[in-house]
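Presented below is the structure to which this report refers.
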Amino acid sequence: MKKQGFSLPELLITLSILILLTTLTIPNYKTFLTQAKTQTQRSKLQRALAYARSAAMLRGIKVTLCGATKDHQQCTDHWRNGVLLFTDENGSATITSTKQILHVITSQEQDGTLHWRSSFKLNYLQFQPTGRPNGKNGTFWYCEKNASAPSWALVVNLAGRTRLLTNVTDLKKLTCS
C-alpha cells in the first residue's frame, strides 16, 4: 500500500527552511522599501520642478512652488505637509481665486520631510517665463523619519535646472531638524 502525504520530519525541515529564509529577507525588504520610497519622492520632486519650469515657459507667466498647508490651499513656511505648484501671474507667491493650482504632492506621499533653502532665504521657488528661477538658486533636501542626515538633495541652479547630490560630504552640510 502506498503512503500519501508528508512525514513529520519532512514538514519540520521544510518549515525551518521557510522560517530561515523569511528571517533573512525581512530586514533587506524593509531597506528596499525605504530606498524605493525615497527614490519615489526624489522623482516626484524632479518631475514637479521640470513641470513648473516648462509651464512657466509655455504659458509665459510665473509659476511658483511652495510648501503647502494641511488643506493644500495655501503656501506655508515649511514643506512637511506637501508641495503646491501654481500659476502666479503677479509673482506674489500667494494663492488667490485667479491662480490655478497645477500640481500637488501631498504629505501622505512622503515618509519623511522635505526642506528648501534658497540664496535669498525665501520659502518658495518661483520660475520666470524664461524658465529661470526668480534670481536665486537653492537646494531641496529630503530627510527620512528619524534621520540625522538627508537621503538626497536637489540643487536648482540659476538656469532652473536641477542637479542631484548624493555625495555624503555634501549632504552632511544639510541638517534634518
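Derivation of every value follows stated rules applied to the coordinates shown; laboratory data play no part. Since the model is a prediction, treat every value here as computed from it, not as a measurement. Every residue, glycine among them, receives a Cβ derived from its backbone with ideal geometry; neighbour counts consider all protein chains shown.
Observations, loosely collected:
- Net charge dipole size for the chain [Lys, Arg +1 and Asp, Glu -1 on Cβ; Debye, nearest 20]: 340
- Length released on extending from S177 to F6, taking residue separation times 0.36 nm less the Cα-Cα span: 55.9 nm
- Extension gain from L15 to D170, taking 0.36 nm per residue of separation minus the Cα-Cα distance: 51.1 nm
- For the stretch 1-90, average projected area of the Cα convex hull in nm²: 11.7
- Taking all Cα pairs closer than 8 Å and separated by 6 or more residues, the relative contact order of the stretch 25-118 comes to 23 percent.
- Using θ = phi - 60° and Karplus 6.51 cos²θ - 1.76 cosθ + 1.60, couplings along the stretch 151-163 (whole Hz; Gly, Pro as x): 7, 7, 9, 10, 9, 9, 8, 5, 8, x, 8, 10, 9
- For a paramagnetic label modelled on K30 (point 7 Å from Cα along Cα→Cβ), amide N atoms under 16 Å away belong, within the stretch 142-166, to 144-147.
- Rounded to the nearest whole Hz, the Karplus-based 3J(HN,Hα) values (6.51 cos²θ - 1.76 cosθ + 1.60, θ = phi - 60°) of the stretch 86-94 follow the sequence 8, 6, 9, 3, 8, x, 7, 6, 10, with x at glycine and proline.
- Rounded to the nearest 20, the Cβ-based charge dipole of the stretch 42-87 about its Cα centre (Lys and Arg +1, Asp and Glu -1) stands at 220 debye.
- Cα-centred dipole magnitude for the stretch 104-171, charges only on beta-carbon of K, R (+1) and D, E (-1), debye, nearest 20: 360
- Among the chymotrypsin sites (Phe, Trp or Tyr not before Pro) within the stretch 94-144, those in coil by DSSP and having at most 13 neighbouring Cβ atoms inside 10 Å are F120.
- Entry note, the chain: relative contact order of 16 percent, from Cα contacts under 8 Å with a spacing of 6+ residues.
- Cα gyration tensor shape of the stretch 24-73, rounded if a/c is under 1.5, else prolate or oblate by comparing a/b with b/c: oblate
- (1) 104; (2) 181; (3) 131, with the label sought being that of the calculated volume of the Cα convex hull per residue in Å³: (2)
- Counting only residues at least eight positions apart within a chain, or on another chain, the aspartates and glutamates with an alpha carbon under 13 Å from that of K62 are D88, E89.
- Most mobile listed residue (K30, K62, K44) in the chain, GNM with C-alpha springs under 10 Å: K30
- Cross-link reach list, lysines versus K145, counting only Cα pairs under 28 Å and skipping chain neighbours closer than eight places: K30, K37, K44, K70, K121, K172, K173
- Label separation (T76 vs T94): 1.8 nm, computed from points 7 Å beyond Cα along the C-beta direction.
- W152 long-range amide H proximity, modeled H, under 5 Å: Y142
- Residue among L85, L21, L122 with the largest mean-square fluctuation in a Gaussian network model of the chain, springs linking Cα atoms under 10 Å: L21
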